[in-house]
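Presented below is the structure to which this report refers.
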Amino acid sequence: MSSAEVQPNIIEMIGITKAFPGVVANDHVDLTVRKNEVLALLGENGAGKSTLMSILFGSYDPDSGSIKIKGKEVKIKDPNDATALGIGMVHQHFKLVRNYTVTENIVLGCESVNEFGMLDMKAAENRVAAISDGYGLKVNPKDLIEDITVGMQQRVEILKVLYRNAEIIIFDEPTAVLTPQEIDELMEIIRLLKRKGKTIILITHKLKEIKAVAERCTVLRRGKVVGTVQVADVSEEQLAEMMVGRAVKFEIEKNPPHFGDTVLKIEHMSVKNSRGQLAVKDLSLDVRAGEIVGVAGVDGNGQSELLYGLTGLSPLENGRILLKGKDISKLSIRERIEAGLGHVPEDRHRHGLVKEFTVAENVALKNYYRTPYTKNGCLLVKEAMEKKADELIGAFDIRAGKGAATSAGSMSGGNQQKVIIAREVDMGGDALIIAQPTRGLDVGAIEYIRRRILAERDKGRAILLVSFELDEIMNLCDRIATISKGSIVGVYNAGEVTERDIGIMMAGSKGRKSEETAS
């Protein structure tokens, strides 16, 4: 875009400062957004991106600084003020009522009424359908939220802001829970929003997405602006270095594997989902000591139920699980942990930690009843918990403003994930189930966590890795199993297949090898 074509600023945030106990989230931040552009906001977990956008959307009040919309200084006291100014936000964690329809969720808070003052859901459904068609979102206004995919739920969130006539749309980590196909579709939706005159602010850690849709990128590091660049003029490597302050390696070198005996063996496992339908069907797989076996697949093909069955969150309908030859299929969750099964869950907030607890309490969450965390079988030893937490904070580069006393919920997603991984690694054990370890994390945290996973493999642990990130699967795994409709459709040694081959199998095509020949 030539200087003559540069659009005026639609947003100016000047000297924005916001502090929380123990941390300055935004430190005199200046940000400008031009009308009808896609501006990427890039930074590590905890860099202050979401806080800055929450201030723009009225969820937080700044401690100091000012905001101008279309050249006029404004006070945005709450999201209603932001909506009135034409600002909408698509949150990373969807704010939807699962047993409501698409339309009911969209109109919640701004319900349409007819001439008699009654809710006019038919008119609302027609408007939702018209907006959906106009932006190619392909959402059925009558569907229940609990019946649609995660990708479709995100489209409902987009429809919510369009329904309220948003001119400026903030996307907060929009692809953190999406499959590769859904990410491609979202990028096209963002391009269409721009073509229709919308202004987009995209908070993301994923450099490929910035290169795909953004014109400019503002980089934050530890609450301060590092700089703003034209995306076309910089490489992904340069953006990564701006973000973390050092060069980042995208491809991690692996040591040659040294496989031992089979540690984890899954035999003909079947598991039902929450609706009572078989989601995992006669699945067999094994993992050896010193090996990472990856499970690749499109979300919703039985990965969650596989994890639940392995870790004891759901009962098995058929089959059995052997850990070093011992059948753990009917053991409780605690008994499986004590048998040597570690678990980094796919949903860190639901199954990984307690956000209201401190780092120290979360570190001791699985073995608080053991020495040195307990005394006389009933009294918790706070000092021992804090000592261990401080040790892991240092070892795993966990950024916690108050150290061991930091509330887990106050930390960034990347640091929450480090707490979980630190706990599971520190507890030892022979097998480690890891699900979506780098979902929603920045490139620096991704590099760090992937190195820690490889280090555990090199120590001889058996690791089963479930991930939607194909580059993660291809980069880390010694064998790759592809799951489709609850069944394994192919297992390959590393280097035998490409991402395209895996993608084809994810769609349900059978692989060329059976599990037996691959193992």
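The values are calculated or read from the model by the stated rules, or taken from the named source; none is laboratory data. As the structure is a prediction and not an experimental result, all values here were calculated from the model. Every residue, glycine as well, gets a Cβ built from its backbone with ideal geometry; the counts of neighbours run over all protein chains shown. Ligands, DNA and RNA are excluded from the accessible area calculation, which covers all protein heavy atoms including side chains. Shrake-Rupley method; radii C 1.70, N 1.55, O 1.52, S 1.80 Å.
What the table below lists for this structure:
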| item | result |
| --- | --- |
| Per residue, in Å², the accessible surface of the range 171-290 once ligands and nucleic acids are set aside, probe 1.4 Å | 47 Å² |
| Rel. contact order, % - alpha carbon contacts under 8 angstrom, at least six apart, the range 38-110 | 21 percent |
| Reciprocal mean inverse distance between Cα atoms of the range 214-372 - Kirkwood radius, Å | 19.6 Å |
| Inter-probe distance in nm under a simple model that places probes 7 Å from Cα toward Cβ, at residue 133 and residue 9 | 4.1 nm |
| Volume in Å³ per residue [convex hull over Cα atoms, computed for the chain] | 168 Å³ |
| Unit charges at the beta carbon, dipole of the chain: most positive-side option, 413, 495, 473 | 413 |
| Separation of the residue 427 and residue 59 label points, Cα + 7 Å toward Cβ, nm | 3.0 nm |
| Neighbour cut-off at most 12 other Cβ (10 Å), DSSP loop, trypsin sites (Lys or Arg not before Pro), the range 1-84 | 75, 77 |
| Beta bridge orientation in the chain: antiparallel %, DSSP, nearest 5 | 55 percent |
| Of the trypsin sites (Lys or Arg not before Pro) in the range 230-319, those whose Cβ has at most 11 other Cβ within 10 Å and which sit in DSSP loop | 246, 275 |
| Protein-only accessible surface order, largest first, of 448, 492 at 1.4 Å | 448, 492 |
| Burial order of peptide ranges 298-311, 354-367 (average beta-carbon count within 10 Å, highest first) | 298-311, 354-367 |
| Hydrodynamic radius (Kirkwood) for the range 268-322, which is based on Cα pairs only, to one decimal in Å | 11.7 Å |
| Highest average packing first - 340-348, 232-240, Cβ atoms within 10 Å | 340-348, 232-240 |
| Estimated dipole of the chain in Debye, rounded to 20 [Cβ of Lys and Arg +1, of Asp and Glu -1, Cα centre] | 520 debye |
| FRET efficiency for residue 282 and residue 334, using Cβ-Cβ distance with R0 set to 30 Å, rounded to 0.05 | 0.60 |
| Cross-link pairs 95/194; 254/402; 75/418; 206/272 - those with Cα-Cα distance over 28 Å | 254/402; 75/418; 206/272 |
| Surface share of carbon and sulfur [accessible, 1.4 angstrom probe, percent] for the range 142-236 | 48 percent |
| Built amide H within the under 5 Å cut-off of residue 90, gap 5+ | 170, 171, 172 |
| Projected area averaged over orientations for the range 169-233, convex hull of C-alpha atoms, nm² | 4.7 nm² |
| In sequence order, calculated HN-Hα J values of the range 30-39 (Karplus, 6.51, -1.76, 1.60; Hz; x Gly/Pro) | 10, 9, 10, 10, 8, 4, 6, 10, 9, 9 |
| Apportionment of accessible area to carbon and sulfur, the range 43-105, percent (1.4 Å) | 44 percent |
| Carbon/sulfur fraction of accessible area - the range 239-307, other protein chains in place, 1.4 Å, % | 45 percent |
| With DNA, RNA and ligands ignored, accessible area of residue 374 (1.4 Å probe; Å², nearest 10) | 20 Å² |
| Solvent-accessible area per residue, Å², over the range 421-498 with all protein chains present [probe radius 1.4 Å] | 24 Å² |
